[in-house]
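Here the structure is laid out as structure tokens; the discussion comes afterwards.
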């Protein structure tokens, strides 16, 4: 044990930075007041201590807005006085080959056959190098504190027309920041922008060249990365401090875009991953498969959410399904009583569900048709009800201070009461288009648009 004061201080800080988040929704005060990853401190879409504004407009409650270079739909991540974003910035001149060769993959797999995409659904084969960039912005002003570009190269394939080359969100625990650009590398930085390690996991070949979008998950010493594509699939856990592999499990899935969920149940941490063929749970420490369950639709994109008893898995492409699966079971759970309840109507395609105050909030497909269900029983509290003023949704719903925030693609956000019905509290409009999910921390909401990042706060100066 350390005996000098400096060592004791380092130990205390390290313990304070370790997350105690679990399926029961608990978490340290440090995590609760920040937004450390894509779905927040509880990985459910809830900001437990956030009090963002109810109303805003371009001339009301906009603390600041700043242009974001390049393009990306990665959501902002907030830790204390910094905001972290990923973006891909086109280089000035097109090129036919990478300007910075990718390092050799430490593993990989040959691509499986890929069907041609529907007309207009994806970009043409890229010719312009992209600067894969990590941004750290000052929370009080929006000014860039530091910027790192770990890779510049021509992408090997295109992306969906609504997509981009920087769609997975970063994640932090206050000690390291993990940024995954998928085929273009996984990187760990300290919060001052110093590169700690990098990892090349190979090259993804996505269905119809739709692009990549899964975010990494971070818990304790484990960084979990999902690698589902039209090649050899796997899920891998990397050491947070070194980037070395702790374990790897092979998978058999088509291209996937969900983010792994890490929960604790009965003292055991497990990684839960949605999937077209099967949803699965893995032991976080060893990677041992714990359970699996079939029954999702194709393109099972929404990430799972969980409470102390169950995990909720949804999909909504060319069909609809939701399974409420009892935690603690093992083996193949398909068709067993481990499925507490199911649903086959009105589930989301791209957005993930929100789990708040014992209720599940979710859209039908990518449409602004909201449903609310009791998470324990599956009882319908609101069914596929249209939200006026919103034409389409990609962003996942979030909640804080007794409110649910529903962000549309065209700049309108509908705010409703966090409760069983549709009580609309406000409808707000900004002159931007939003596909990234919001981040909530303190008295602020951060919205990343196609061109601008907004910081919304009550009583902000005009």
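The values are calculated or read from the model by the stated rules, or taken from the named source; none is laboratory data. As the structure is a computational prediction, the values presented were derived from the model and not from experiment. In this analysis, Cβ positions are derived from the backbone assuming ideal geometry, glycine residues included, and neighbour counts consider all displayed protein chains.
Tabulated values for the structure
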{"read-out": "Per-region count, region 115-157, residues modelled with pLDDT of 95 or more, surrounded by fewer than 17 Cβ atoms within 10 Å (Cβ to Cβ) and either over 24 Å from the mean Cα position of the chain (by Cα) or part of a loop (DSSP other than H, G, I, E, B) (or both)", "value": "3"}
{"read-out": "Filter result for residue 377 (over 14 Å from residue 416 (Cα atoms) and out of contact with any strand residue (DSSP E or B) (no Cβ under 8 Å at 6 or more places or on another chain))", "value": "no"}
{"read-out": "Lone unmet requirement of (1) at pLDDT 95 or above; (2) within 22 Å of residue 205 (Cβ to Cβ); (3) crowded, with 22+ Cβ neighbours inside 10 Å for residue 312", "value": "(2)"}
{"read-out": "So residue 391, is it assigned to a loop (DSSP other than H, G, I, E, B) and over 22 Å from residue 44 (Cα atoms)", "value": "yes"}
{"read-out": "Of the criteria (1) modelled with pLDDT of 95 or more; (2) more than 19 Å from residue 269 (Cα to Cα); (3) surrounded by 21 or more Cβ atoms within 10 Å (Cβ to Cβ), which one residue 37 fails", "value": "(2)"}
{"read-out": "Any hit, region 225-236, residues being within 15 Å of residue 304 (Cα to Cα) and in a loop (DSSP other than H, G, I, E, B)", "value": "no"}
{"read-out": "Any hit, region 23-30, residues being modelled with pLDDT under 95, in contact with a strand residue (DSSP E or B) (Cβ under 9 Å, 6 or more places away or on another chain), in a loop (DSSP other than H, G, I, E, B) and crowded, with 22+ Cβ neighbours inside 10 Å", "value": "yes"}
{"read-out": "Residues (buried (at least 24 other Cβ atoms within 10 Å of the Cβ) and not in a strand (DSSP E or B)) located in region 436-462", "value": "436, 437, 438"}
{"read-out": "Selection within region 410-435 - part of a loop (DSSP other than H, G, I, E, B), surrounded by 17 or more Cβ atoms within 10 Å (Cβ to Cβ) and touching a strand residue (DSSP E or B) at 6+ places or on another chain (Cβ under 6 Å)", "value": "411, 418, 432"}
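Listed here are the residues, each with its yes/no results for (1) in contact with a strand residue (DSSP E or B) (Cβ under 9 Å, 6 or more places away or on another chain); (2) at pLDDT 95 or above; (3) crowded, with 23+ Cβ neighbours inside 10 Å.
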site: 196; (1), (2), (3): yes, yes, no
site: 209; (1), (2), (3): yes, no, yes
site: 226; (1), (2), (3): yes, yes, yes
site: 234; (1), (2), (3): yes, yes, no
site: 245; (1), (2), (3): yes, yes, no
site: 249; (1), (2), (3): yes, yes, no
site: 268; (1), (2), (3): yes, yes, no
